[in-house]
Amino acid sequence: MTKNHILGLDIAQPTAVAQLDLANGTKCWRGTLATSQAGWHQLATLLAAHGAQLSTTLVVVEATGVYHLPWAERLHAAGAEVYVLNPLLAARLQSAANALREHKTDPVDVHRLCETGRLYAADLARFRYRPEPARQGLKQLDHARRKLRTTLTNLKKSVRSHLELVFPALLQANIAADTARASRILAAAPTAGAWRALPAAARAKLAGVKHADLDHACADTLADETLAHACVPALRALLAAEQALAAQLRECDDVIAPRLPAERVALITSLPGFGERTAAVLATYLPASFEGWGTRKQIVARVQALFGCDPRLRQSGKWTGKVKLSKRGIAAGRTALFQAAFCSLATDEENATYYAQLRTGDGQGRRSKTHKEAMVDVMRKQLRRLVAVLCSNQPFVKKTHAAA
């Protein structure tokens, strides 16, 4: 259907900046809308005043965290064709209105959104908004899990720091890593003096095979008992928080697992190096379909950019800077790809050979690559395999080479 109008929306928490243009680029209106029911009714009144209908209006929305999602859902439900663009995409369009300004201002950004929709509507198919509440819920769950995991890691570091003051012998005897055993020991004897005061049978039961090492470390420690006892409450509070967070993290994993698309996870885990966790992350952040993404080669390049694994080249005249990853995409997907590539070196002979060749060079003048450079190439190889598996909907099958 031919679109008669183009609506650009740049949405923040309190307000949304909007611009309505005709399909030929003539500006009809520009202003702000409240991000509430009142703003929605204001938009409906505005469209009616300019003879525009949502069914014949192309809506281009700038992705702004989660603020754009309610508007995109409402506009899609009302019959509009909605495209959600990354701010970097609209910022790359240099129009006559923006040629000399180069300032980050909402009106200029909204103008760019409208002009992007007018000039490149045919190329925006992969950015078309499709309601996927289940997938968005998975994204939020994964975000919550990563926050819990980061907090838990920081808590473990704090516990270790407090142990250096309260009971350093646990660290010296390499028992602190066994969280359950360390917690039982600290509940019975929170300091080196309290540990020495326990009967030998109780110490052997608590520390197991390492009770002799712990006894020796307690006899050799310089920790002051008075200071250690004064700091015990802080250590116990951190331990309680660590155990509670660990339980929440396990509960989060239990909630995520049944929500994942089982068939897609099975396809991803058929690839060497991809485990349950990496498959869960990729199944969460990859689109349900690659419709409108182009050829398979284009899909690989665009998924690479989606996860920020694409190379960023810096050049100026004759100067060429070092090529690095852009790291502009989804960090969780980039981490999952790296982990899968690293694990594949131990489980896949083809990838291990490929990595070794990259590290040593080809013997024909091509330089050897560093570990990071070689790993990026292995990540790209894994990504090509991943896209092939998802596009063909067939599990990965290792190549078999006939004996010479």
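The values are calculated or read from the model by the stated rules, or taken from the named source; none is laboratory data. All of these numbers come straight from a predicted model, not from anything done at the bench. Counting neighbours? That spans all protein chains shown, and the Cβs are built from the backbone with ideal geometry, glycine included.
Data table
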{"read-out": "Out of ALA283, ALA279, sole residue that is touching a Pro at 6+ places or on another chain (Cβ under 6 Å) and assigned to a helix (DSSP H, G or I)", "value": "ALA283"}
{"read-out": "Test for LEU267: is it in contact with a Leu (Cβ under 9 Å, 6 or more places away or on another chain), part of a helix (DSSP H, G or I), at pLDDT 95 or above and hydrophobic (A, V, I, L, M, F, W, C)", "value": "yes"}
{"read-out": "Residues that are assigned to a strand (DSSP E or B) and over 23 Å from LEU119 (Cβ atoms), drawn from the range 32-60", "value": "THR32, LEU33, ALA34"}
{"read-out": "Residue count, the range 121-140 (criterion: at pLDDT 90 or above and not polar (S, T, N, Q))", "value": "12"}
{"read-out": "Residues of the range 381-395 that turn out to be touching a residue at least 40 places away in the same chain (Cβ under 8 Å), in a helix (DSSP H, G or I) and closer than 18 Å to PHE290 by Cα, as a count", "value": "10"}
{"read-out": "Unmet criterion (only one of (1) in contact with a Phe, Trp or Tyr (Cβ under 9 Å, 6 or more places away or on another chain); (2) surrounded by 14 or more Cβ atoms within 10 Å (Cβ to Cβ)) for PHE290", "value": "(1)"}
{"read-out": "Filter pass, LYS297 being part of a loop (DSSP other than H, G, I, E, B) and over 30 Å from LEU249 (Cβ atoms)", "value": "no"}
{"read-out": "Qualifying residue in the range 323-335 (condition: in a loop (DSSP other than H, G, I, E, B), at pLDDT below 90, farther than 27 Å from HIS143 by Cβ and not assigned by TED's automatic domain parsing to the domain that holds ASN86)", "value": "yes"}
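The rows are residues; the columns are (1) in contact (Cβ under 8 Å) with a residue 12 or more places away in the chain; (2) assigned by TED's automatic domain parsing to the domain that holds LEU152.
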position	(1), (2)
GLU242	yes, yes
GLN248	yes, yes
SER270	yes, no
ILE299	yes, no
LEU313	no, no
LYS318	no, no
